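Input: a single structure, listed below in structure tokens.
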Amino acid sequence: MATDPIAARPALPLHPARPVRWYNLLAYGSNDILGGGSMAVIGTWILIFYTSFCGLSAAQATIIFGVARVLDAFTSPLIGHLSDNFGRTAFAKRFGRRRFFILAAIPLLPSFALMWVSGQSFWYYLVTYVLFEMVYAMEIIPYETLAAEMATDYRTKAKFAGARILFGQLSAAGAAFLPGWLIAYLGPDSPDTYLYMGIVFSALFCAAAGFLYAFSWERQRPPGLDEAEAGDRPTLGAAFRALYRNLFSTFRIRAFRLHLGMYLGGYISQDIYNAAFTYFVIFALAGSTAIVSSLVGVTYVVQFVAVLLAINFALRLSPAAAYRFAALSFGTGVAIFVLMYVAGYPATSALFWVPVAFAGLGRGALNYIPWATYNYMADVDEIVTGRRREGAFAGVMTFVRKMSQAAAVILVGQVMQASGFVSGATTQSGGAVTAIVAVLGIGTTAMLIFGIAVSTRFRLGPRTHAILLDEIERFRSGERTPANPDHARIVEDLSGWRYDQLWGRNPVAR
């Protein structure tokens, strides 16, 4: 009989020691003012700011994104690995192996405001953007592990995800409306609009991170578990040795691969839409920055309502089914936008609120569903490896999120550059406008179709997650056979491994 590779490890309690109160949900959700808010600000306004007030070409702006993403390819998984293996340090014993990074990031979060100082050089914008991305990764990756640390059951994790996305939508709405209010006060040609926006959001980031640290906790780990799970000290060298081993091992979990496909379909479609939409309104519809602010702001308000609906839908039905409904709604909104452009409707037409409603309802649900299902990935991984690797999955998720947004922005910027887009001009050529419309319509729709196709194979839901936890508990108690054939089939489908290979008896656990 083969030796169980993790039989000697201390058992990790299945249930949290502390109840989750409403203020814990509020504190956890508020931190997505940083996660969702900063990405909304960057996705909606950074290209316009760089090309209109900083003297950068569209190509130079996309170089900044590309360099930051290459550096992040190392930073995000590295921080995830360090937080997974930080438990033996004195800092972790006092502040928490995850929460220490959140506390340390707070005084660095005002670096976001430095990105929005106009009239600087290319190198200034490159350095300030990269600096904020590093600080962002330092805070957001440990944050993404906390829902799995603080809760185990399906419904509570879904509530954590809902609280997070609701705050993300509120902060994204602020990212849309705030520039409009500042423009009304400062004038349409003032670059200080963006600097003041950066200062306001920097203050909100610091407050949210402090609130999160005060009202969150980490699952209590039995003595000796950190030493049993990691042979190397959590040094920088050890982290780099494990960096890509952990990164690619997460891809060997079937539910996570499918989850990433849905995530990419839903989020890259929105990244392409966000990057192109400002140019679409200003140059294709002869609109203004103030109109963009209004349309985008209302979209985020509708998204907030959509998240409330999606939370209930995902709890009662399959997350995959909810995802498909959301993608169809978003795609309908995009199609109506393009058709109205072809028909010659101006940006001031009241009919544009129709596609805003369709797009907002779809986008809100697409934002919520992937993050709701993400909170269960560590459970699927645990039945494969017998370990808790929330940090590794958070690192991959943040890396994929940043890479996807950068790819979308780079795509839009390079297509515009190739089509003859002129930075700082008030009007653009017919070729440049056609390229903007094509990116918005074709690029967004193609990614939605990809996400829908992947969702047809994703089967994690309330029932299958409950079965997964039951089987994990059986493994903890020493059982090595499933409760029944249906349970075996379900955990094999979620994990991608045969039942006799689970609980550490596979290459992923080594």
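Each reported figure results from applying straightforward, stated rules to the coordinates on display, with no laboratory input. This one's a predicted model, so the numbers in the text were calculated from it and none came from an experiment. Backbone-built Cβ (ideal geometry, glycine too); neighbour counts: all protein chains shown.
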- For q = 0.11, 0.12, 0.21 Å⁻¹, Debye-computed log10 I/I(0) when each Cα of region 377-510 counts as one equal scatterer: -0.60, -0.66, -1.21
- What the Cα atoms of region 419-476 span along the principal axes, largest first and in whole Å, is 65, 22, 14
- Task: Counting only C-alpha contacts under 8 Å and six or more residues apart, can you give the relative contact order of the chain as a whole percent?
- Result: 26 percent
- Estimated translational D of region 264-342 in µm²/s (Stokes, Kirkwood radius over Cα pairs; 20 °C; 1.002 mPa s): 154 µm²/s
- Message: To the nearest 20 Debye, how big is the dipole of region 103-192 about its Cα centre, given +1 on the beta carbon of each Lys and Arg and -1 on that of each Asp and Glu?
- Response: 320 debye
- Cα shape, region 93-162, gyration tensor, a/c 1.5 rule: prolate
- Query: Under a straight-distance cross-link criterion of Cα-Cα below 17 Å, which aspartates and glutamates are reachable from residue 157, leaving out those fewer than 8 residues away in the same chain?
  - Reply: 32, 144, 149, 218, 379, 381, 382, 390, 470
- Query: Of 481, 70, 419, whose Cα points farthest to the positive end of the dipole of the chain (charges on the beta-carbon: +1 Lys, Arg; -1 Asp, Glu; origin at the Cα centre)?
  - Reply: 481
- Taking max minus min of the Cα coordinates of region 63-118 on each principal axis, largest first, gives extents in Å of 43, 23, 10
- Provide Rg and Dmax in Å for region 166-207, with only Cα atoms included in the calculation. 10.8, 32
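Give me the extension gain from residue 123 to residue 91: residue separation times 0.36 nm, minus the current Cα-Cα distance, reported in nm with one decimal. Write out the running numbers ahead of the final one.
On the way: separation 32, 0.36 × 32 = 11.52 nm, distance 3.50 nm.
Length gained, residue 123 through residue 91: 8.0 nm.
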- Message: If every alpha-carbon in region 307-374 counts as one equal scatterer, what log10 I(q)/I(0) does Debye give at q = 0.12, 0.18, 0.27 1/Å?
- Response: -0.35, -0.64, -1.05
- Query: Say each of residue 400 and residue 350 gets a label point 7 Å from the Cα, pointing the same way as Cα to Cβ; how far apart are those two points in nm?
  - Reply: 4.4 nm
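Quick one: putting +1 on the C-beta of Lys and Arg, -1 on the C-beta of Asp and Glu, what dipole do you get for the chain around its Cα centre, in Debye to the nearest 20? Don't jump to the answer; show the numbers that get you there.
On the way: 40 positive and 29 negative charges, 210 e Å.
In debye, rounded to 20, the chain gives about 1020.
Work out the length of the dipole vector of region 363-406 about its Cα centre, built from +1 on the beta-carbon of each Lys and Arg and -1 on the beta-carbon of each Asp and Glu, and round it to the nearest 20 debye.
220 debye
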- Note on the structure: If unit charges are put on Cβ atoms (+1 for Lys and Arg, -1 for Asp and Glu) and the dipole of the chain is taken about its Cα centre, the option from 43, 464, 207 lying farthest towards the positive end turns out to be 464
- Query: Please identify the GluC sites (Glu not before Pro) of region 417-503 that satisfy two criteria: DSSP loop assignment and at most 12 other Cβ atoms within 10 Å. Which are they?
  - Reply: 479
- Unit charges at the beta carbon, dipole of the chain: most positive-side option, 453, 191, 175: 453
- Message: Rounded, prolate or oblate for the chain? Axes are the square roots of the Cα gyration tensor eigenvalues, ordered a ≥ b ≥ c, and the cut-off for rounded is a/c under 1.5.
- Response: prolate
- Message: If each DSSP helix of 4+ residues adds -39,500 (n - 2.57) and the sum is divided by the residues in the chain, what number results at 222 nm, nearest 500 deg cm²/dmol?
- Response: -24000 deg cm²/dmol
